[in-house]
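Below you'll find the structure, written out as structure tokens, and then a few comments.
Nothing in this text is a laboratory measurement; each read-out follows from the coordinates by a stated rule. Because the structure is predicted, anything quoted here is derived from the model rather than measured. Glycine also receives a Cβ, built like all others from the backbone with ideal geometry; neighbour counts cover every protein chain displayed.
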Amino acid sequence: MSESDMAIVKPEAMKSFIWLQTTDGSIQQVEEEVAMFCPMICREIIQTGMGSSKNFAISLPQRVNPATLSLILDYCRFHQVPGRSNKERKSFDEKFIRIDTKRLCELTSAADSLQLKPLVDLTSRALARMIEGKTPEEIRETFHLPDDLTEEEKLEPLKNTADDLRIRLLNRLYARKRKELKEKEKLKNVEVEEERVDERSVDDLLSFINGGDGVSKDARTAKHKKKNRRRKDHSKDPLSNNVNENHNKEADSVGSPSKNSKLQDLSDNTFAPKADFEDLDDELDPAMKEELDREVEDFARRLNSDWPERMQEILSLGQDRRLGPISMNGNGCLQRYSRLDQR
Amino acid sequence: MNLSFDSRKRQRDRNKVEAAAEKAVQSFGNCSQIVGKLVKMEDCNPTVRQWEDMIQDCLVEIFRRFSAVDFTSGIAEVCSSWRLACSDQFLWRTLDLGQLKSNFIKIPYAPYVWVDDRSNQQLTRVLKIAMGLSRGNISCIIFHFNLYLMDNQLIYVANRCPRLKQLVIPAWNRMTKGGICKAIRMWGELESMTMPSIRDPAYVMDEIRLNCKNFTQLKIMGPCNIFLASSIVTFLPKLKVLSLRCSKLFKEALVMILDSLEHLEVLNISHCLLIEAPPPPAPVRVFRELDEAIVEKASRLREFFHCQRASCVLCQRTINDDGLMRWYKYEEGLWRTDEVISLSF
């Protein structure tokens, strides 16, 4: 290949360049040996032959913007020179990573997409050092991150349940429903309008989660649709009564057999949106409870319930965990564990 | 990063869906905001999606450098995407608590160690976070030889690591027979265990035999006498790999192992203090050379590690420590090594 020829005799005037294009469309040229230091670029050149001219510039991954690219090329330009001592390289690296956290993050991600492992290592180590020992609040400040975990989630990082998205969503939905039920019982004169809005948002959210197409329309249109379909839903009342019974029974304990047998009976295997889901009624009180129940039922129907026992265990696990305070003193912790053990 | 791209991508996709769903379910009240956000995600351009993927990948790469203890400072409590990255299963294949020791003192009566409360609580905290974030994905756990777990901590872990395959747990002082058995019963997939030498090992071996059908590798960190050997031979006849390194080893035990463990493929008796105890009044003697009979029996093994050289540092140390190696005196991490690669952590 011509490259090996070039390696032997390369007067300055004959230096070859590689053309690189970032996602914003801008193209730049870079000395060949510098570009070849990146494994991803190197592979592109060897496998596809691209990069030798402006028209055939190598397209870089999306995560590499021009500013980050120039940083990366600086890194490559320094390190690809074979003669440097370890001390020199180390001191260059130390100075190199003295940039603000945002650029450091961008640099990590760009280096990762170019498979430049030494740089990924360097930046990851730097970021790890910045994170180490800080409290969550301090970390959020340093990296400008949102504080979007609930208090419950902060105390108990992740539920020890099966690695199944749908079961977790169901758990969460049950938790929300229970909470909502409690709140509704307390505030008897809650605005009807308010409730209707809430209900609709749940429908939209849940149908979006299911991949439904209710999302692309805005909330108002969805509201409209629901109003029109209200007639259909009257026929569903007998069903909702049935559901209500079950739900009330297990309002006290989620893991009750009646609930789970209901889930076992539902053999719906798909997790796809269905028309009847969007028919969910937004009936006013006194059918509020039935409404919530029906939503839970419909949602549960969406779940692939081929782990009935597991579901039971998980739901009762979830219930157990809500028992007792979460205390961090030695005795408290031990007591909690013993309760779990007795399960 | 030598992480398979496809499985990472699959995991990322799942994480994405979960993150979206979590956000949605969390904020019922914020209708229009949520719908707006979800709409954006639905038809967002690849750049935005890639950014989220990037965050997860890079975060995992950063978090890879933390030990389980570091997570107790609250890394998983920063925000939802960090929490998601903290429970990435690539981080939790192995739980290495080999740097975590109990703050203890020796006492002259059972259980012969006393651990202070604060150190106990710290362990509990670390275990709680590790079990929470690992989501049942842990397949290898390493405990330090001075980390004195209690029954409830052991069972807590056992409950949440159902897929455990390799266990290094050299400190049993504060655990009971019942606790250990209960834990073993939850580890149906256990394949390898490193344990201390205990006075009555039969119950452990029996419990393993009953519950761990794939158990093939055992390492004992302590003296091996005829009782231990007969327990192993009786209850773990299918054992393939056995390491007894750096400990007192009685000749009759060695012979029994070589004779009766038909499926044994790898045996490590490196740096052991070999003892021959003929019936009294003949004196107990130390021997260095393996006699022909033993060498012949061992020749059927795929790998037989032995080193009884006077010049070997480890051999000398074993002799100085009278057959029960005091690992705390020596280099950090030396206790974890083994000539057998699969038992070296």
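Assorted remarks:
- Per residue of peptide B:74-86, the mean number of Cβ atoms on other chains within 10 Å of the residue Cβ is 6.
- For the pair B:Val255 and A:Asp121, label points projected 7 Å from Cα toward Cβ lie 5.3 nm apart.
- Multiplying the residue separation of B:Thr94 and B:Ser344 by 0.36 nm and removing their Cα-Cα distance gives an extension gain of 88.6 nm.
- Residues B:Tyr330, B:Tyr109 in ascending order of nearby Cβ atoms (within 10 Å, fewest first): B:Tyr109, B:Tyr330.
- The stretch B:69-211, relative contact order [Cα under 8 Å, separation at least 6], %: 21 percent
- Nearest-0.05 FRET efficiency for B:Glu189 and B:Ile226, computed from C-beta distance (R0 22 Å): 0.10
- Angle in degrees between helix B:202-211 and the longest Cα principal axis of chain B, rounded to the nearest 10: 40 degrees
- Chain lengthening between B:Asp117 and B:Phe287 when straightened (0.36 nm per residue, less Cα-Cα): 56.7 nm
- A Förster radius of 60 Å, combined with the Cβ-Cβ distance separating B:Ile107 from A:Lys184, puts the computed FRET efficiency at roughly 0.55.
- FRET efficiency for the pair B:Thr337 and A:Arg84, taken as 1/(1 + (r/R0)^6) with r the Cβ-Cβ distance and R0 = 45 Å, rounds to 0.80.
- Across chain B, C-alpha contacts under 8 Å between residues 6 or more apart give a mean separation that, scaled by the residue count, equals a relative contact order of 9 percent.
- Nearest-ten-degree value, helix B:151-160 long axis tilted from longest Cα axis of chain B: 50 degrees
- The residues A:Thr123, B:Thr94, when put in order of fewest to most other Cβ atoms within 10 Å, stand as B:Thr94, A:Thr123.
- Order by protection proxy (mean Cβ within 10 Å, highest first), peptides A:54-61, B:277-284: A:54-61, B:277-284
- Between helix B:251-260 and chain B: long-axis angle, C-alpha atoms, 0 to 90°, nearest 10: 60 degrees
- Ranked A:Phe78, B:Phe287, B:Phe104, criterion: other C-beta atoms within 10 Å, fewest first: B:Phe287, A:Phe78, B:Phe104
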